[in-house]
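Notes for the one structure printed next.
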Number of protein chains: 4
Amino acid sequence: MIQNILKQKVVGVDLGYEKTTYAIVDVRGNEVAKADFPTTDYPDINAYISHLSNKIVELVEANGGYESIRSVGISSPSGNYLTGCIEYSPNLPWKGQIPLAAMMRDRLGLAVAVGNDAHVRALGESAFGSAHGMKDFILVVLGHGFGSCFFSNGHPHLGYAGFAGEIGHNCYKVDGRSCGCGHKGCYESYCAGRGVLQTAEELLAASDEPSLMRGVSDLTPKLISDFCDQGDRLAIEVYRRTGEILGFILGNYASVINPEAIILTGGITKAGKWLLEPTNETFEKVVFHNIEGKVKILTSSLADEERDVLGASVLAWSVKEYSLFK
Amino acid sequence: MIQNILKQKVVGVDLGYEKTTYAIVDVRGNEVAKADFPTTDYPDINAYISHLSNKIVELVEANGGYESIRSVGISSPSGNYLTGCIEYSPNLPWKGQIPLAAMMRDRLGLAVAVGNDAHVRALGESAFGSAHGMKDFILVVLGHGFGSCFFSNGHPHLGYAGFAGEIGHNCYKVDGRSCGCGHKGCYESYCAGRGVLQTAEELLAASDEPSLMRGVSDLTPKLISDFCDQGDRLAIEVYRRTGEILGFILGNYASVINPEAIILTGGITKAGKWLLEPTNETFEKVVFHNIEGKVKILTSSLADEERDVLGASVLAWSVKEYSLFK
Amino acid sequence: MIQNILKQKVVGVDLGYEKTTYAIVDVRGNEVAKADFPTTDYPDINAYISHLSNKIVELVEANGGYESIRSVGISSPSGNYLTGCIEYSPNLPWKGQIPLAAMMRDRLGLAVAVGNDAHVRALGESAFGSAHGMKDFILVVLGHGFGSCFFSNGHPHLGYAGFAGEIGHNCYKVDGRSCGCGHKGCYESYCAGRGVLQTAEELLAASDEPSLMRGVSDLTPKLISDFCDQGDRLAIEVYRRTGEILGFILGNYASVINPEAIILTGGITKAGKWLLEPTNETFEKVVFHNIEGKVKILTSSLADEERDVLGASVLAWSVKEYSLFK
Amino acid sequence: MIQNILKQKVVGVDLGYEKTTYAIVDVRGNEVAKADFPTTDYPDINAYISHLSNKIVELVEANGGYESIRSVGISSPSGNYLTGCIEYSPNLPWKGQIPLAAMMRDRLGLAVAVGNDAHVRALGESAFGSAHGMKDFILVVLGHGFGSCFFSNGHPHLGYAGFAGEIGHNCYKVDGRSCGCGHKGCYESYCAGRGVLQTAEELLAASDEPSLMRGVSDLTPKLISDFCDQGDRLAIEVYRRTGEILGFILGNYASVINPEAIILTGGITKAGKWLLEPTNETFEKVVFHNIEGKVKILTSSLADEERDVLGASVLAWSVKEYSLFK
């Protein structure tokens, strides 16, 4: 049949711990409209779904209408693309297995895809960012948690049940630091947000050296990296140690995957050279010799405020179009 | 290794019979710079290659430099992606098998991919146009010639030797009109540019009915469709017959491929409803009943002046990065 | 977990119009056990499902037991892999959309896949037959009906809704012979079983030439090909005309797909050289010149009695393992 | 063209450190003929290529002839599928980059593919063994070395430059045991052949406990596992420690890949339960909780004497047919 209306826009949703951002995004990654609300206002999942659907409908009605939207993609912590569920997220208020895609589809009358943040960011960098044109690359999210997703032969590797990529819960040190996952010594507990802070605490406790970090009641990775810029030796040491561990895990990861590049994203990577240089140094020592000096270590080329909704929009395009009204 | 310079632009080249257009295009399909020159000025292939390379280098140097360009994609009549060659083009001045990709790579020190115009347009519509998000669709080019390319499971179907898609040289009528390919009765000789004109000539010769087409020395498909808009009955009949035949072939094509959509591109499709309505009518009669009323017939959503260089830029991203200097 | 029991066998089912054959098949295509029953005994679909499940369980219990079987694959007329349904088969007694895979899975407690006969044969030839190692090939079934399936980039092309491959219902002659699909002039009405017989009738009616075919009350394509072997000129002409039409459609098909080979299966192809030589002759005349002389025309290398259950076993491996008891 | 001769056999070659085995294998994994010779007799690569080609031609001529063979697949230590080369094998006598595929193709006039042993074994288990029907699985080779290959979305993951899978050279212990690769603390130096022996030496040196291992001048992993069967406590402890480390690395590996199964192959895995039970115990402790208890740990279901030539035969089918004589 002759089709005159083209559905060339999708909705990308970034379900973050604190804020939910949703945007209408076109084929080329332009945000047509965007809004957000606090995730934390909705401790009940039904209330959350209801609010999110209403807000999306509102945005869509104001920007071209239902007929112009093809589908919806959602980036969520512990989101599983194969089941469309949030699967036992440790940090979200909603427990157990949440059939997010099905609940949203019922409300919106549109196809809905769900993925975890690393998966979604890998899609985003592949479509619009640093990984464009790469068939085999690793994407790392280093923020509150430590997630990853890699592309194999041009497609995201999700694994048998959609749970692949948990490099952050590989063990760095037997009986090491306690991790939120219940295990000990996970990479996440050294390199993600709380890990960086714990390293700072340990360093401060182990020496008397003066440091701008001392006495700061609300120390953050961001503050520490600011102190690095001001030349604070202990702060620099915090990121040097973090980078050393990060380079170690990435070197091992790369020996297994042989990626064209590793794309680093997430708040911790904002520390820039303070993190990247020691990471790179250890990386090259650890990685198997046949690819030494040959793996690109990159940061994301997408802007922070669009990275996740862009990635979620790519996810939206991956599901078959569906409409209640046909 | 830490990589600071990202190659996020490519060069897309549209080698047309009359004009060669080349543009620097970024990841999201934005043209950074564009220029063109007459293809016909270079009847010698070495002179052509030399000129094209020089012009590309010039454009690149003026817009970010060699280090900012990842690779080059070229849309060419009879271009074969698997060999990188122009393969015996009937209408280009350069005869035989021309190793276009290899010759250009040697000149530019960059990876070069070559594809034919239907292949390249299919890539373009998939990345930036009407076919975005579709895994199985057919793209048709209906201009001087009648080419096609379809996507299967998310990838372009090129065939064993890269020659797939020659629907235009399927036989419509045994011992029918002579075709440039040497066969008789090919679809191309009915639906492409010359075919439309021949249908007009036949109609004019067969009746005395007055028509704006009569006495026009340089009749073109475009003029005929203008006359349709003015209510010329014979002109309308030209496109009705063309559409009837086009619907017939597309209905058969769709029964074999079961595409989500058929995207029509090329000068002939500018006739709009004069062509599309009869095409659609016959299509629905001919197509196998299980998909009747379910295949979208679409036109390209890309602008004419960017369609081919955009598609060629997508092609450029499909080859591995290569640089003389590493 | 350490897994000691390996499920290295599947059940392949060939649901034919007259006979249903089911076999336990191992990884390498060896039939471990096989049995059959008349499909026609079960005009009610529930009774059929019930009987088929019982017989499969019986065969499985006698040959290694439930724990040794991974999954089940079923070849069925009008079987749709994407939905698991028989979709409006014109010739089976069960009308409408039959959720065959779901019904069988519920009975057996095992994953079940369904495909149409051309799809299943393409899988069988790819895994164990003439198409092994080919990424792009066409398989044709020429028996009661005229089906096809082609592989693209190493995977079967099923199309957007699983309905691809209906070359037999492409139109050969506008307003030609009536076809079971409701259209007129379909290839099936010329080249499949009834088409061959109709050609014979037309030839016999059009001349007085003596022929062994005359006066045979129950003429079959097989008998006609036997008469060819005995030198019967009209019988030979029947297959010459059939081959001429078949070569025409395959030449056009090949121009679009550019396959490495075309594999011919089905009862009609038993006529051997009487069919193949005229097919080949027309094929080479019709096919686009760039692949003339380069497409292999092959017959199946699998034995008739195992072709469909083997193919169905390959289909069985394509679905995820599932067991009621875990 | 009508093709009567079908090339339904290939040659699979296992280039081992000590012995080179080559076999003619058919589509279903049946060995038609097989022979071998000592690799060590040919310290010069040209002499080796010459001898291997001659022996293959000899075997082929005696078993159906050149026209019956489609292509050749070779399993080699450090074999790289993407380049067709042996890439700087530390243990083979031929140094540097050896263009094995090109050299063999020139001699044989047939297409030749090369892969490393883990890649080839993964193909073999996928086609004929324990991994049949699995889209995402890990294969491990634990013998002299410690290699691996995993399948992603149904295809072997080879990585950007074909070097993926080097899990054996991931670091288990910083500044740990010296490894042949030049690094320290690699998994290979703990879990592969020499690692098991070193663990035995260390255990024997650290205690006075009597053991059958004491005083054996030519201790091998095989002997140690025999002693386990005889109840030798220290021997059992050797494999318990090996398994503990192996379970640790596999648990981490599985958290990243989320495989359906891990297939263990290689001489060390012959120790059976002495190795597997402690491996499994640590695996379940280490692996990320969402897949705990859900990854199958399997051993190969292929016979030792056919595993590598079968896998190499699968590799042979992956390249396009090529013949000198057409």
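The values are calculated or read from the model by the stated rules, or taken from the named source; none is laboratory data. Predicted model, so just to flag it, every value in this text is computed and none were measured. Heads up, the Cβs are rebuilt from the backbone with ideal geometry, glycines too, and the neighbour counts pull from every protein chain shown.
Find the residue count for segment C:281-296, including only residues that are at the interface with chain D (Cβ under 8 Å from one of its Cβ atoms) and under 10 Å from C:GLY251 (Cβ atoms). I'd like the intermediate steps shown before the answer.
Quick first cut of segment C:281-296, residues at the interface with chain D (Cβ under 8 Å from one of its Cβ atoms) only: C:284, C:293-296.
Next, from what is left, pick out any that are under 10 Å from C:GLY251 (Cβ atoms): C:284, C:295.
Of the residues in segment C:281-296, 2 are at the interface with chain D (Cβ under 8 Å from one of its Cβ atoms) and under 10 Å from C:GLY251 (Cβ atoms).
Looking only at segment B:226-242, how many residues end up being surrounded by 24 or more Cβ atoms within 10 Å (Cβ to Cβ) and not hydrophobic (A, V, I, L, M, F, W, C)? Before the answer, list the steps.
Here is the first cut: in segment B:226-242, the ones surrounded by 24 or more Cβ atoms within 10 Å (Cβ to Cβ) are B:235, B:238-239, B:242.
Then drop every residue that is not not hydrophobic (A, V, I, L, M, F, W, C), which leaves B:239, B:242.
Final tally of qualifying residues: 2.
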- Task: Filter segment D:297-314 down to the residues that are within 11 Å of chain C (Cβ to nearest Cβ) and touching a Gly at 6+ places or on another chain (Cβ under 8 Å), then identify the one that is surrounded by the fewest Cβ atoms within 10 Å (Cβ to Cβ).
- Result: D:SER301
- Query: Being of a type in the set (Lys, Arg), touching a Cys at 6+ places or on another chain (Cβ under 8 Å) and at pLDDT 95 or above, is that true of even one residue in segment A:103-119?
  - Reply: no
- Query: Could you give every pair whose Cβ atoms fall below 9 Å, whose first residue belongs to segment C:160-171 and is more than 7 Å from chain B (Cβ to nearest Cβ), and whose second residue is among the hydroxyl-bearing types (Ser, Thr, Tyr) and part of a loop (DSSP other than H, G, I, E, B), counting only separations of at least 6 or pairs across chains?
  - Reply: C:GLY162/C:TYR81; C:GLY162/C:THR83; C:GLY168/C:TYR187
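Could you list, in sequence order, all residues of segment A:147-181 that are hydrophobic (A, V, I, L, M, F, W, C) and not in a loop (DSSP other than H, G, I, E, B)?
Initial filter on segment A:147-181 (hydrophobic (A, V, I, L, M, F, W, C)): A:149-151, A:158, A:161, A:163-164, A:167, A:171, A:174, A:179, A:181.
Correct list: A:CYS149, A:PHE150, A:PHE151, A:ILE167, A:CYS171.
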- Task: Using the structure shown, decide if D:ILE56 is assigned to a helix (DSSP H, G or I), modelled with pLDDT of 95 or more and buried (at least 17 other Cβ atoms within 10 Å of the Cβ).
- Result: yes
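Output the number of residues of segment C:88-104 satisfying the condition of being surrounded by 21 or more Cβ atoms within 10 Å (Cβ to Cβ) and either among the charged types (D, E, K, R) or outside any strand (DSSP E or B) (or both). Even if it seems obvious, please write down each step before you answer.
Within segment C:88-104, the first condition is being surrounded by 21 or more Cβ atoms within 10 Å (Cβ to Cβ), and the residues that meet it are C:98, C:100-101, C:104.
From what is left, the residues that are either among the charged types (D, E, K, R) or outside any strand (DSSP E or B) (or both) are C:100-101, C:104.
Final tally of qualifying residues: 3.
Determine, yes or no, whether C:GLY154 is within 14 Å of chain B (Cβ to nearest Cβ), in contact with a Gly (Cβ under 6 Å, 6 or more places away or on another chain) and touching a residue at least 12 places away in the same chain (Cβ under 8 Å). Show your work before the answer.
Working: within 14 Å of chain B (Cβ to nearest Cβ): yes; in contact with a Gly (Cβ under 6 Å, 6 or more places away or on another chain): no; touching a residue at least 12 places away in the same chain (Cβ under 8 Å): yes.
The answer is no for C:GLY154.
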- Note on the structure: Counting only residues that are within 19 Å of C:LEU59 (Cα to Cα) and facing chain D (nearest Cβ under 9 Å), segment C:3-16 contains a total of 4
- Residues within segment A:134-151 that are touching a Lys or Arg at 6+ places or on another chain (Cβ under 8 Å) and within 12 Å of chain D (Cβ to nearest Cβ), tallied: 2
- Counting only residues in segment B:254-273 that are within 14 Å of chain C (Cβ to nearest Cβ) and in a helix (DSSP H, G or I), the one nearest to A:ILE2 (Cα to Cα) is identified as B:ALA254
- Message: Testing B:LEU246 on (1) hydrophobic (A, V, I, L, M, F, W, C); (2) assigned to a helix (DSSP H, G or I); (3) in contact with a Ser or Thr (Cβ under 7 Å, 6 or more places away or on another chain); (4) farther than 23 Å from B:ALA192 by Cβ, one condition comes back false. Which one is that?
- Response: (4)
- On the given criteria, is B:GLY182 of a type outside the set (A, V, I, L, M, F, W, C), modelled with pLDDT under 95 and under 19 Å from B:LEU123 (Cβ atoms)? no
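Out of all the residues in segment C:5-26, which are without any contact (Cβ under 8 Å) to a residue 40 or more places away in the chain and not acidic (Asp, Glu)? So that I can check it myself, show each step before the final result.
Initial filter on segment C:5-26 (without any contact (Cβ under 8 Å) to a residue 40 or more places away in the chain): C:6, C:18-20, C:26.
Within segment C:5-26, C:LEU6, C:LYS19, C:THR20 qualify.
The rows are residues; the columns are (1) closer than 30 Å to D:PHE248 by Cβ; (2) away from chain D (no Cβ under 14 Å); (3) out of contact with any strand residue (DSSP E or B) (no Cβ under 7 Å at 6 or more places or on another chain); (4) surrounded by 15 or more Cβ atoms within 10 Å (Cβ to Cβ).
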position	(1), (2), (3), (4)
C:MET1	yes, no, no, no
C:GLU18	no, yes, no, no
C:LYS34	no, yes, no, yes
C:PRO43	no, yes, yes, no
C:ILE49	no, yes, yes, yes
- Task: Kindly establish whether D:VAL286 is in contact with a Cys (Cβ under 7 Å, 6 or more places away or on another chain), aliphatic (A, V, I, L, M) and buried (at least 21 other Cβ atoms within 10 Å of the Cβ).
- Result: yes
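Okay, residues lined up against (1) within 11 Å of chain C (Cβ to nearest Cβ); (2) without any contact (Cβ under 8 Å) to a residue 60 or more places away in the chain; (3) within 14 Å of the chain's Cα centre (by Cα):
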| residue | (1), (2), (3) |
| --- | --- |
| B:ALA111 | no, no, no |
| B:VAL174 | yes, yes, no |
| B:GLY182 | yes, yes, no |
| B:ALA200 | no, yes, no |
| B:SER207 | no, yes, no |
| B:ARG214 | no, yes, no |
